[in-house]
Amino acid sequence: MESTMQDFPLTIGSLFRHGRQVYARSRVVTYTGEGYRESSFGEVAARADRLAHALNALGIGRGDRVGTFCWNNQEHQECYLAVPSMGAVLHTVNIRLAAEQLAYVINHAQDKVLVIDGSLWPVLSKVRDQLTTVEHLIVIGAAEGAPDDVLDYETLLAAAGTDFAYPEDIDERSPAAMCYTSGTTGEPKGVVYSHRSVYLHSLAEVGMFSLTERDNLLAIVPMFHVNAWGLPYAGWMSGIDFLMPARWLQAEPLCRMIAERDVTFSVGVPTVWSDILRYADAHDEVDFSRIRSVIVGGAAVPRTLIESFQERHGLRIIQAWGMTETSPLGLIAYPPKDAPAEEEFAWRARTGRIVAGVEMRITDQTSGEPLAWDGKTSGEIEVRGPWITASYYDAPAPDKFHDGWLRTGDAGMIDDRGFVQITDRTKDVIKSGGEWISSIDLENAIMGHPDVLEAAVIGVPDPRWDERPLACVVVQEGASLTPADLIEFLSSRVAKWWLPERWSFIEQVPKTSVGKFDKKLLRARFAKDELPVAKAPD
């Protein structure tokens, strides 16, 4: 017996058609620093058609890579729609990469065309002479110092044709987009998403985030970071209004956008929302009342951040987990229906529950054997599914894959209902005297102190215990803390043997290009005696 269903390809082109036809009145709004410019989905789609014509005239065909080096704005959304729909591959380039890595990913991806925000030209210009495959540079807006051979985005669109004939025979398993990991160990690695994986991931997000055309999304997460967590496609599919902040990612303009544009939903990393919380605490006029929820991910979300927003501002923070390799949605921390009210924050502070379409397991880090889902046994988290990568682009990494599963590098536990608690990165867990200390749990405990702005914990050599935690702490402006103060605060919150003997008070915790704590850099600074270390009292 065979199915009677049509073999209809799951492509970004079909997703694009749906949004432009069904939700032509939905809006894409871009903040300009002084006001807003906006276009309907219908108008954005027409401009995407012109962009496809212009790229085709520049020699872009199926499988060719088109890089973007842009903020979150309408033009970036046009690239998201046009490039994959014409059969080319969208490569969203991380604007915060160091120059060496920036040149590496553009060359490694073999980008033929780069679309650049004019304000970012000074950054891109530093590596232009190192780019070996780029044939054309297209600039959005003014680009001071750009040479004459750089093409202007609006001029290209104005001269291009309309009603582009997008191919209808694109295989759903063909490449549609690519992103590179942040490269905290070795060179960044490319992950190539298929049309099918993007389509299925978009459906999952529409359902898990409850997206409808009634929503107004403030898209804080950068569009270069795992395709803005997939929301340019899930949002287009569901007809939401997009609010793009461009380069104005500071707390004050973000709060202004929330108030002025009736935002109902937002996404972003913890560091951004921590800044917004501090601003909101200091300004009574900030109003979050129309926001139904905010999805926060990219790093572990401190429970204190979740509690503070809810209790002081009525804002519901929901934690989610994912990776570049997982498109990224893998876990989301909605509390179970039978959770008592007094346990609400504890559930929302968990890493999350496994999303349908994703399969997870934990394995013994020595034998590789699967372990029990009992909420107590810890091992390395492995994942598989239709939007999980099976390899890296042109970069073999057999140690990252195990019997068809992706090794995440995260250590944690899974309970019998599929709730996951990540306790650490496998490379960051601290083994002290044969016992494990979770750097993430210790960091969150330290950041529960009202005078602590940020805290990162690394393992450092110890002559007696082999390894012990070093806590690197950023103190709130105007506050003063000592190791003794923090030891006293922690004494009732963590096991006694977790209490750090070594403390380093620093101005800021270094971040990776996607906003995560850069513990690799902290370890390097410690090895070079570049971190000031104070000892806790005996």
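The values are calculated or read from the model by the stated rules, or taken from the named source; none is laboratory data. Since we're looking at a predicted model, the values are computed, not measured. Counting neighbours? That spans all protein chains shown, and the Cβs are built from the backbone with ideal geometry, glycine included. We work out accessible area using only protein heavy atoms, side chains counted, and drop any ligands, DNA or RNA first. Shrake-Rupley method; radii C 1.70, N 1.55, O 1.52, S 1.80 Å.
Taking into account only those residues within the stretch 295-309 that are β-branched (Val, Ile, Thr), outside any loop (DSSP other than H, G, I, E, B) and in contact with a helix residue (DSSP H, G or I) (Cβ under 6 Å, 6 or more places away or on another chain), which is surrounded by the most Cβ atoms within 10 Å (Cβ to Cβ)? Out of the qualifying residues, it is Val296. Look at Thr155 and say whether it is under 19 Å from Asp49 (Cα atoms), open to solvent by 60 Å² or more (accessible area, probe 1.4 Å), in contact (Cβ under 8 Å) with a residue 60 or more places away in the chain and of a type in the set (Val, Ile, Thr). So Thr155 fails the test.
So is Thr32 of a type outside the set (Phe, Trp, Tyr), touching a residue at least 24 places away in the same chain (Cβ under 8 Å), in contact with a strand residue (DSSP E or B) (Cβ under 9 Å, 6 or more places away or on another chain) and open to solvent by 10 Å² or more (accessible area, probe 1.4 Å) or not? Break it down stepwise before answering.
Numbers: of a type outside the set (Phe, Trp, Tyr): yes; touching a residue at least 24 places away in the same chain (Cβ under 8 Å): yes; in contact with a strand residue (DSSP E or B) (Cβ under 9 Å, 6 or more places away or on another chain): no; open to solvent by 10 Å² or more (accessible area, probe 1.4 Å): yes.
Against the criterion (of a type outside the set (Phe, Trp, Tyr), touching a residue at least 24 places away in the same chain (Cβ under 8 Å), in contact with a strand residue (DSSP E or B) (Cβ under 9 Å, 6 or more places away or on another chain) and open to solvent by 10 Å² or more (accessible area, probe 1.4 Å)), Thr32 does not qualify.
Scanning the stretch 330-350 for residues that are of a type in the set (Phe, Trp, Tyr) and open to solvent by 30 Å² or more (accessible area, probe 1.4 Å), we see that the one that is farthest from the chain's Cα centre (by Cα) is Phe345. When Val83, Val29, Val66 are checked against the criterion of being farther than 24 Å from Asp171 by Cα, β-branched (Val, Ile, Thr) and either within 25 Å of the chain's Cα centre (by Cα) or not in a loop (DSSP other than H, G, I, E, B) (or both), Val29 stands alone in meeting it. From the list Leu90, Leu102, the one residue that fits, being within 20 Å of the chain's Cα centre (by Cα) and in a strand (DSSP E or B), is Leu90.
Against the condition part of a loop (DSSP other than H, G, I, E, B), hydrophobic (A, V, I, L, M, F, W, C), surrounded by fewer than 22 Cβ atoms within 10 Å (Cβ to Cβ) and more than 13 Å from the chain's Cα centre (by Cα), how does Leu277 come out, does it pass?
no
Scanning the stretch 486-538 for residues being open to solvent by less than 60 Å² (accessible area, probe 1.4 Å) and either in contact (Cβ under 8 Å) with a residue 24 or more places away in the chain or not aliphatic (A, V, I, L, M) (or both) gives a total of 26. When residues in the stretch 74-91 are screened for being among the hydroxyl-bearing types (Ser, Thr, Tyr) and open to solvent by 10 Å² or more (accessible area, probe 1.4 Å), 0 of them pass. Output the residues belonging to the stretch 310-329 that are open to solvent by less than 40 Å² (accessible area, probe 1.4 Å) and part of a loop (DSSP other than H, G, I, E, B). Leu315, Met323, Ser327, Pro328, listed by residue number.
For the stretch 116-150, the set of residues classified as touching a Leu at 6+ places or on another chain (Cβ under 7 Å) and open to solvent by 50 Å² or more (accessible area, probe 1.4 Å) consists of His136 only. Are any residues in the stretch 1-29 touching a Leu at 6+ places or on another chain (Cβ under 8 Å) and open to solvent by 20 Å² or more (accessible area, probe 1.4 Å), and if so, which ones? If the condition is that a residue be touching a Leu at 6+ places or on another chain (Cβ under 8 Å) and open to solvent by 20 Å² or more (accessible area, probe 1.4 Å), then Leu10 is the only one that fits. In the stretch 170-185, of all residues being in a loop (DSSP other than H, G, I, E, B) and modelled with pLDDT of 95 or more, the one that is farthest from Lys427 (Cα to Cα) corresponds to Ile170.
For the subset of the stretch 253-269 comprising residues that are of a type in the set (A, V, I, L, M) and open to solvent by 10 Å² or more (accessible area, probe 1.4 Å), which member is modelled with the highest pLDDT? Here the answer is Ala259. With at negative phi, in a loop (DSSP other than H, G, I, E, B), open to solvent by 50 Å² or more (accessible area, probe 1.4 Å) and free of Cβ contacts under 8 Å to residues at least 60 places away in the same chain as the only criterion, which of Pro461, Pro396 stands out? Going through Pro461, Pro396 in turn, the sole match is Pro396.
Yes or no, residue by residue, for (1) assigned to a strand (DSSP E or B); (2) farther than 12 Å from Met360 by Cβ; (3) open to solvent by 40 Å² or more (accessible area, probe 1.4 Å); (4) at pLDDT 95 or above:
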| position | (1), (2), (3), (4) |
| --- | --- |
| Arg407 | yes, no, yes, yes |
| Asp410 | yes, no, no, no |
| Arg417 | no, yes, yes, yes |
| Val420 | yes, no, no, yes |
| Thr423 | yes, yes, no, no |
| Lys427 | no, yes, yes, no |
| Lys431 | yes, yes, yes, no |
| Trp436 | yes, yes, yes, no |
| Leu442 | no, yes, no, no |
